[in-house]
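Peer 1: The structure under discussion is supplied below as structure tokens; questions concerning it will follow.
The values are calculated or read from the model by the stated rules, or taken from the named source; none is laboratory data. Here the structure is a predicted model, which means the values were calculated and not measured. Neighbour counts are summed over all protein chains in view; Cβ atoms, including those assigned to glycine, are modelled from backbone coordinates with ideal geometry. To get the accessible areas, we keep the full protein, side chains included, count just its heavy atoms, and leave off ligands, DNA and RNA. Shrake-Rupley method; radii C 1.70, N 1.55, O 1.52, S 1.80 Å.
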Amino acid sequence: PTESGLAASPSARALVPGKRLNFMFLVLDTLRQRDLGCYGAKGGISPNIDHFARKSVLFRRAYSQAPWTKPSVASLFTGGYPRRHSTWEERGRFSILAKKANTMAEIFQHHGFTTVALSANPNVAPHVGMGQGFDRFPHLSDYSNRTTARLTEATLKELKRLKAAANPFLLYVHYLDPHDPYDPYVRTAYCTDRLGGAIITNEVVRSGKAHLLSGEDDLGKILRQGKLPTPRAMTPAEKDYIKGLYDCEVSLVDAAVGQVLQEVKALGLEQDTVVILTADHGEEFQEHGLMRHGYQLFEEM
């Protein structure tokens, strides 16, 4: 890492001045930096992301502007702090990105790009103001975490459609995994090894419903009460199991990233497309007392 927090691979290509490039954002919801191999994690949880990082510019100190999705992505879209775009917790979870906001999609659209967004998170959708500047923004968010395969299929189809078009494109893809409930419905080889033969009798832990274990439900609108949740008591084995389910979802979405990047290459788009892979925020597993996300601003967030 350099002073600026960048690590550049020797194979990371320089941009060609004046060339019309495509841009693709891959946003992996709730993904912790510290759990990726390219940031030092062991165990092979993210081989596809790690391979991509080795060919790319890796940011070692890149910070989300909020610990939950809506204000974080609004900042990504506008380049403004949450106080500026007013899509943040003090205005309630039903706040909407204002029409007066100037989004990156609108800027790309103004310069002749075809702009498309695919999102499995309901906090990143047209009905909350996030559709500004996108030519297409199909509704893929159904509050279900079993959307990874469906979103990947939609992304592969969209890439083929964009390849056939004449215009350069901006494609924004927002995966919901590894957001809770941690439900790795496809057990990757990594997942099988990670969970092993663990026997967990606590059904809430087994279900991966971290929001029930975090203590949030008892407090209602917590931030407006000035309180913090109190996580339910869990044994060390239960804590490890719930983290294991999360790790499995990281593995699942890593495989999806591999599929998308392989399609970019297969379509001959690799040399003409800038791919940005990031997250909207991280996740807590009681490193500082709490679970999930949205309340604290420690490094795991």
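Peer 1: Residues of the stretch 56-81 being open to solvent by less than 20 Å² (accessible area, probe 1.4 Å) and not in a loop (DSSP other than H, G, I, E, B), which ones?
Peer 2: T69, K70, P71, S72, V73, A74, S75, F77
Peer 1: Being assigned to a loop (DSSP other than H, G, I, E, B), within 27 Å of A154 (Cβ to Cβ) and open to solvent by 20 Å² or more (accessible area, probe 1.4 Å) is the filter here; which residues of the stretch 26-55 pass it?
Peer 2: Restricting attention to the stretch 26-55, the residues satisfying the condition of being assigned to a loop (DSSP other than H, G, I, E, B) are 29-32, 36, 40-46, 55.
Then keep just the ones that are within 27 Å of A154 (Cβ to Cβ); that gives 29-32, 36, 45-46, 55.
Answer for the stretch 26-55, where residues must be assigned to a loop (DSSP other than H, G, I, E, B), within 27 Å of A154 (Cβ to Cβ) and open to solvent by 20 Å² or more (accessible area, probe 1.4 Å): just K55.
For (1) open to solvent by 20 Å² or more (accessible area, probe 1.4 Å); (2) modelled with pLDDT under 90, each residue gets a yes or a no:
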site: A189; (1), (2): yes, yes
site: P229; (1), (2): no, yes
site: I242; (1), (2): no, no
site: G258; (1), (2): no, no
site: G282; (1), (2): no, no
site: M301; (1), (2): yes, no
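Peer 1: Assess whether R206 counts as being open to solvent by 60 Å² or more (accessible area, probe 1.4 Å), of a type in the set (K, R), at pLDDT below 90 and over 30 Å from I107 (Cα atoms).
Peer 2: On the way: open to solvent by 60 Å² or more (accessible area, probe 1.4 Å): yes; of a type in the set (K, R): yes; at pLDDT below 90: no; over 30 Å from I107 (Cα atoms): yes.
No, not satisfied.
Peer 1: Can you report the number of residues in the stretch 52-92 which are free of Cβ contacts under 8 Å to residues at least 40 places away in the same chain, in contact with a helix residue (DSSP H, G or I) (Cβ under 7 Å, 6 or more places away or on another chain) and not hydrophobic (A, V, I, L, M, F, W, C)?
Peer 2: The qualifying residues number 7.
Peer 1: Here are R146, R150: which of them is outside any helix (DSSP H, G or I) and modelled with pLDDT under 95? Steps first, please.
Peer 2: Details: R150 fails: outside any helix (DSSP H, G or I).
Just a single option satisfies the conditions, and that option is R146.
Peer 1: Inspect the stretch 238-260 for any residue being free of Cβ contacts under 8 Å to residues at least 12 places away in the same chain and of a type outside the set (A, V, I, L, M, F, W, C) and give the result as yes or no.
Peer 2: Restricting attention to the stretch 238-260, the residues satisfying the condition of being free of Cβ contacts under 8 Å to residues at least 12 places away in the same chain are none.
No, because not a single residue in the stretch 238-260 is free of Cβ contacts under 8 Å to residues at least 12 places away in the same chain and of a type outside the set (A, V, I, L, M, F, W, C).
Peer 1: Taking interchain pairs and intrachain pairs at least six residues apart, which have beta carbon atoms under 7 angstrom, with the first residue in the stretch 280-301 and in contact (Cβ under 8 Å) with a residue 12 or more places away in the chain and assigned to a loop (DSSP other than H, G, I, E, B) and the second among the aromatic types (F, W, Y) and exposed (fewer than 14 other Cβ atoms within 10 Å of the Cβ)?
Peer 2: E287/F298; H288/F298
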